[in-house]
Amino acid sequence: SIQDKNALHLYSVNGKYLGSETLKEEVSDICVTGEYIVMGSLQGFLSIRDLYSLSLSISPLAMRLPIHCISVTKEYSHILVGLEDGKLIIVGVGKPAEV
């Protein structure tokens, strides 16, 4: 975060700069899983981005409270979201019929 601007930067394993994306929220936790980046923000948004293009895969989900931590299950079927008030939100991943 520099001068109230937040950005996500992508580098290769060898340190080559691949790109960046400016963020509107302040990231509180991040989890890289498979081909996606799952991010939680202090503004209460859960975002899922493509690992290679950094573009949003879906519209950010509003949790209405600051997100303190996130985790993805081993089977990539659910996202666990810990909120500021101590609640644990479980978000199903996939098509509605699969969830």
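The values are calculated or read from the model by the stated rules, or taken from the named source; none is laboratory data. Because the structure is a prediction, the values reported are computed rather than measured. So basically every Cβ, Gly included, is an ideal-geometry build from the backbone, and we count neighbours across all protein chains shown. The accessibility values were calculated without ligands, DNA or RNA, using every heavy atom of the protein model including side chains. Shrake-Rupley method; radii C 1.70, N 1.55, O 1.52, S 1.80 Å.
Using modelled amide H (1.01 Å from N, peptide plane; none on Pro or chain starts), what sits under 5 Å from the amide H of MET63, excluding residues fewer than 5 places away?
Those lying under 5 Å, H to H, from MET63 are PHE45, LEU46.
Name the residues whose placed amide hydrogens come within less than 5 Å of the amide hydrogen of LEU23, ignoring near sequence neighbours (fewer than 5 apart) on the same chain.
Under 5 Å from the amide H of LEU23 lie the amide H atoms of ASN6, ALA7, LEU8, each far enough along the sequence or on another chain.
Evaluate the relative contact order of region 6-99 (contact order divided by residue number), counting alpha-carbon pairs under 8 angstrom at least 6 apart; express in whole percent.
On the way: 197 pairs, mean separation 16.4, N = 94.
So the answer I get is 17 percent.
How far, in nm, would the chain grow between THR73 and GLU35 when pulled straight, counting 0.36 nm per residue and subtracting the alpha carbon separation?
Working: separation 38, 0.36 × 38 = 13.68 nm, distance 1.45 nm.
Separation in residues times 0.36 nm, less the Cα-Cα distance, equals 12.2 nm.
Excluding SER55 itself, what net charge comes from residues whose Cβ is under 10 Å from its Cβ, given Lys and Arg +1 and Asp and Glu -1?
Working: positive: ARG49; negative: GLU21, ASP50.
Value of the local net charge: -1.
Rg(Cα) of the chain divided by 2.2 N^0.38 Å? All intermediate terms of the calculation are to be shown ahead of the outcome.
Values: Rg = 13.8 Å, N = 99, 2.2 N^0.38 = 12.6 Å.
Normalised Cα radius of gyration, the chain: 1.10.
Taking only pairs that are 8 or more places apart or on different chains, how many Lys pairs in region 2-92 have Cα atoms under 28 angstrom apart? Walk me through the intermediate numbers first.
Working: LYS5/LYS16; LYS5/LYS24; LYS16/LYS24; LYS24/LYS87; LYS74/LYS87.
Lysine pairs meeting the criterion: 5.
Can you work out the accessible area per residue across the chain, with the rest of the protein chains kept in place, probe 1.4 Å, in square angstrom?
In whole numbers, the chain has 69 Å² accessible per residue.
Which order do peptides 31-43, 13-25, 67-79, 49-61 fall in by mean Cβ count within 10 Å, highest first? Before the final figure, lay out each step's value.
On the way: 31-43: 17.2, 13-25: 10.5, 67-79: 14.8, 49-61: 13.3.
Result, highest mean first: 31-43, 67-79, 49-61, 13-25.
For the chain, give the percent of accessible area contributed by carbon and sulfur heavy atoms, probe 1.4 Å, rounded to a whole number.
Details: 3670 of 6840 Å².
Heavy-atom surface of the chain belonging to carbon and sulfur, 1.4 Å probe: 54 percent.
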